[in-house]
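The values are calculated or read from the model by the stated rules, or taken from the named source; none is laboratory data. Computed from a predicted structure; not experimentally measured. Here the Cβ positions follow ideal geometry from the backbone for every residue, glycine too, while neighbour counts run over all protein chains shown. Areas reflect the complete protein model, heavy atoms only, side chains present, ligands, DNA and RNA absent. Shrake-Rupley method; radii C 1.70, N 1.55, O 1.52, S 1.80 Å.
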Amino acid sequence: MRLASVSHLECSLTGKRYEAGRVHGLSEAGRPLLVRYDLDAVARSIGKEALARRTDGFWRYREFLPVAREEDRVSLGEVVTPLIRAPRIERRLAGGPLYVKDEGRLPTGSFKARGLALAVAMAKQFGLKHLAMPTNGNAGAALAAYAARAGLRSTIFCPDDTPPVNVEEISLQGGDVYRVNGLINDCGKIVGEGKEKVGWFDVSTLKEPYRIEGKKTMGLELAEQFQWELPEIIFYPTGGGTGLIGMWKAFDELEKIGWIGGKRPRMVAVQATGCAPIVRAWERGEEHAPLWENAATIAAGIRVPVAVGDFLIIRAVRESDGFAIAVDDDDIRGAQKEMAREEGLLLCPEGAATYAAWRRALADGLISRADRAVLFNCATGLKYPMPKAEKFIDRTKAIDWDLFA
Ligand SMILES: *Cc1c(COP(=O)(O)O)cnc(C)c1O
């Protein structure tokens, strides 16, 4: 099978080459495989002007993606997600231009749609029938939806305290979903063991090569939205890190074909203080991040105690002159409330974590007041439990109009 402009795959740790056109999981070294392209062929096949005329969400970047056949492209009406300025907050905190990239507008309400659309399309292309994954919620929802669309089976395992709406959404979309009394890495173990016993294909974060290609489209999209002049800094809520690694890969590919110059954003990995393995490793100057014990945070999407792509996240942060920073759940709640009230944007807790991190970085002088910053709101806030709102009017009694004054 000849893929689009894919030349080969490559182990992200050892550089060993793997043949394209075959089903792959991790490399022999147990690390993520990265897709490599014939970038000259990519550059010859599409230009910026032609691209600007396209309308079909992230599939507009198809020349940069591995899906070869039109009929394998699975689509649920993807959109280019908006960049929304936060002018009141900029003024109040005397910060630089602040943009929220609102990924909650994608199908299934999160940016997991990007990665799973690609993983499912490639699974379809390879004739795989049954996909399985561990999830904190959003990835499972995207897998269930895109698998249903492609006519594939999906089996999904999530920690038992995953937001209920996600579990129900997965089930309603035809995913066979199980709650597990453990964390995402415990769920991942079940998926790994089931490869032999059941024969499903493991689509865990970075354990197959194509979700990262989907997440890469965030970097392509940002570059295009900023007229090919990237912003100075990106705050990314980091769990498995696919998005951060994927954007870094996108910038690399764009630079190699000459669409952007050498100026790259500083990449900031944001985690929660209750689960911050990457921040801890970065602070210690290490490349690998051992398992974080007793991981706990309201930001479910970044409650990832151990990441197979740890060294790739840390390298991108370091090469970009970025940093890793942790914020606590109270900061996250406060940041969510501020952004909702001041700007009318309902961030998910993970997205709110990036705003909390920007606020702190600004106050601590880690970023300059001239920096254009992008915060990733990776899912719609509607998918998470919200603070109660319980005011009540008994219409049979006299109304106290002073309440509304
Ligand atoms: C998955 C997820 C993340 C983390 O994304 P990675 O690229 O895996 O690090 C952050 N926020 C939300 C809402 C998510 O669903």
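Could you please state how large a percent of the accessible area of the chain is carbon and sulfur, counting protein chains only and using a 1.4 Å probe?
So the carbon and sulfur contribution to the accessible surface is 50 percent.
Give me the base-10 log of I(q)/I(0) for segment 284-395 at each q in 0.11, 0.12, 0.24 Å⁻¹, Debye formula, one uniform scatterer per Cα, rounded to two decimals.
With no solvent term, the Cα-only Debye profile gives -0.44, -0.52, -1.45.
Out of C275, V308, G15, whose Cα points farthest toward the positive end of the dipole of the chain (charges: +1 Lys, Arg; -1 Asp, Glu; placed on Cβ)?
G15
Treating the angle as unsigned and between 0 and 90°, give the value, to the nearest 10°, between the Cα long axis of helix 211-225 and the longest Cα principal axis of the chain.
Orientation of helix 211-225: about 60 degrees from the principal axis.
Sorting check: for 163-171, 44-52, which peptide has the highest mean count of neighbouring beta carbons within 10 Å, and how do the rest follow? Show your work: numbers first, answer last.
Values: 163-171: 19.3, 44-52: 11.7.
Going from most to least packed, we get 163-171, 44-52.
With the other protein chains left in place, how much accessible area per residue, in square angstrom, belongs to the chain at a 1.4 angstrom probe?
42
Restricted to Cα positions, what overall size does the chain have along the principal axes? Three whole-Å values, descending.
74, 48, 46
Roughly how tilted is helix 184-197, in degrees to the nearest 10 and between 0 and 90, from the longest Cα axis of the chain?
The two axes meet at around 30 degrees.
Among G192, T217, L230, which residue has its Cα positioned farthest towards the positive end of the charge dipole of segment 192-243, with +1 placed on the Cβ of Lys and Arg, -1 on the Cβ of Asp and Glu, and the dipole taken about the Cα centre?
With unit charges placed on the Cβ atoms, the residue in question is G192.
If we sort 344-354, 299-309 on the protection proxy, mean other Cβ atoms within 10 Å, highest first, what's the order?
344-354, 299-309
Mind ordering 65-74, 213-222 by average Cβ neighbours within 10 Å, highest first?
Working: 65-74: 17.7, 213-222: 26.1.
Per-residue mean Cβ counts within 10 Å order the peptides as 213-222, 65-74.
Given the whole protein assembly as supplied and a 1.4 Å probe, what does the accessible area of L93 come to in Å², nearest 10?
For L93, the solvent-accessible surface is approximately 50 Å².
Is it possible to state the helix-based mean residue ellipticity at 222 nm for the chain, with each DSSP H run of 4+ residues giving -39500 (n - 2.57), the sum divided by total residues, to the nearest 500 deg cm²/dmol? What is it?
-11000 deg cm²/dmol
Between beta-carbons, use under 10 Å as the cut-off and find the net charge around E253, counting Lys and Arg +1, Asp and Glu -1. Intermediate results must be reported in sequence, preceding the final value.
On the way: positive: R36, K216, K249, K256; negative: D252, E255.
Residues close to E253 contribute a combined charge of +2.
Could you tell me which chymotrypsin sites (Phe, Trp or Tyr not before Pro) in segment 252-322 are loop residues by DSSP with no more than 15 other beta carbons within 10 angstrom of their beta carbon?
Passing sites in segment 252-322 do not exist.
Among DSSP beta bridges whose residues both lie in the chain, state the antiparallel percentage, nearest 5.
30
Straight-line reach from K215: which lysines fall under 24 Å, measuring Cα to Cα and dropping same-chain residues less than 8 apart?
List returned: K16, K48, K101, K112, K124, K129, K189, K207, K249, K256, K263, K383.
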